[in-house]
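The values are calculated or read from the model by the stated rules, or taken from the named source; none is laboratory data. Every value quoted in this text rests on a predicted model; they were computed, and no experiment measured them. Cβ placement follows ideal geometry from the backbone for every residue including glycine, while neighbour counts extend to all protein chains displayed. Ligands, DNA and RNA are stripped out before the accessible areas are found, and what is left, the full protein with its side chains, is counted by its heavy atoms. Shrake-Rupley method; radii C 1.70, N 1.55, O 1.52, S 1.80 Å.
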Amino acid sequence: MEMKHVGIDVSKEFFDLHILEDNRDIHFEYTSKQVKKCVDYLTRLSVVLVVLESTGGYEIPLACELQAARLPVAIVNPRRIRDFAKAQGQMAKTDKLDARNIAYFGATLQPPPRKVINENQRILKALAARRDQLIKMRVAETNRMEHVLGKEVARSLRAILRALEKEIERVDQHIKDHIDQQPELKQKVAILKSVPGIGDISAHMLVVELPELGLINKKEIAALVGVAPMNRDSGMFKGKRMTGGGRRQVRTKMYMPTLVAIQHNPVIRQYYLKLLEKGKSKMTAVVAAMRKLIVILA
């Protein structure tokens, strides 16, 4: 029986599936009943790989159900899919076309299937996503305080900020409790916190959003985060090396821990100062220090 490559484009309310070898498109509503129907259908086929884009967490419930049915599932950065489609000359964008591009990407590049996501990991990812939402709301309310007019508006903003702080603390505690329930994750957090510059929040973020730590080599982890310098030898950038791609949210959240490490971690501080002595800009040196810190953590 011919092995099938499947691509699934997921959104909040529905998802589109494409089976590459059969050139077949199927549209599903994103409900429990329709997810079960999709899983039942795919389990009757000889599926070699199901590929989904990482879409801010919408893909996780479907991926978990597919994995529970012993189907091989890969979750891929959507930027890789878009770049792949552009390389094929595919500029149009619809849900069906996206599903086809995802399936073709899977068949061509064969991304590795993801480890099975257990229920606790699923909850942790949901809690981490909720924390990010609360942080964004806090930033927005804090910015409004700078231009507030009137005591009543200021009082309202302060009340919301207090409520947000309390909710962030509550979510942080839930994240800690769920990590403590898994001995492997609890041990990994303890190891991460032993490195100067990494505290509770940073360690929790890393085990949730960078689970590959300790499982892949140092070059791979740097590339995964997007802090590995790549050669850029074209046009005006000839001779330059740049970083980018990877998990931008991890880089963003590692910025402050890196600054702390530059002040309090002797290895990172010495490395940072040495780069400044060589004439590197402060930002370049900070990014390099971040890479050094992540490599140490790996």
Among what's in the range 3-54 and is of a type in the set (Ser, Thr, Tyr) and within 20 Å of ARG79 (Cα to Cα), pick the residue that is surrounded by the most Cβ atoms within 10 Å (Cβ to Cβ). SER54
Given the conditions (1) modelled with pLDDT of 95 or more; (2) in contact with a helix residue (DSSP H, G or I) (Cβ under 9 Å, 6 or more places away or on another chain), which single one is not true for GLN270? (2)
Sole residue being closer than 22 Å to GLN249 by Cβ and charged (D, E, K, R), chosen from GLU152, GLU184, GLU169: GLU169
Across the range 78-115, the tally of residues that are assigned to a loop (DSSP other than H, G, I, E, B) and open to solvent by less than 60 Å² (accessible area, probe 1.4 Å) stands at 4
Could you please let me know if ARG144 is in contact with an Asp or Glu (Cβ under 9 Å, 6 or more places away or on another chain) and surrounded by 14 or more Cβ atoms within 10 Å (Cβ to Cβ)? no
Positions within the range 145-196 being more than 21 Å from LEU215 (Cα to Cα), under 27 Å from the mean Cα position of the chain (by Cα) and not in a helix (DSSP H, G or I), in sequence order: PRO196
Provide a single number: the residues in the range 61-77 that are open to solvent by less than 10 Å² (accessible area, probe 1.4 Å) and within 13 Å of the chain's Cα centre (by Cα). 1
The correct count of residues that are basic (Lys, Arg) and within 27 Å of the chain's Cα centre (by Cα) in the range 5-28 is 1
Can you name the condition, by its number, that ASN118 falls short on among (1) open to solvent by less than 100 Å² (accessible area, probe 1.4 Å); (2) in contact (Cβ under 8 Å) with a residue 12 or more places away in the chain; (3) under 24 Å from GLU65 (Cβ atoms)? (2)
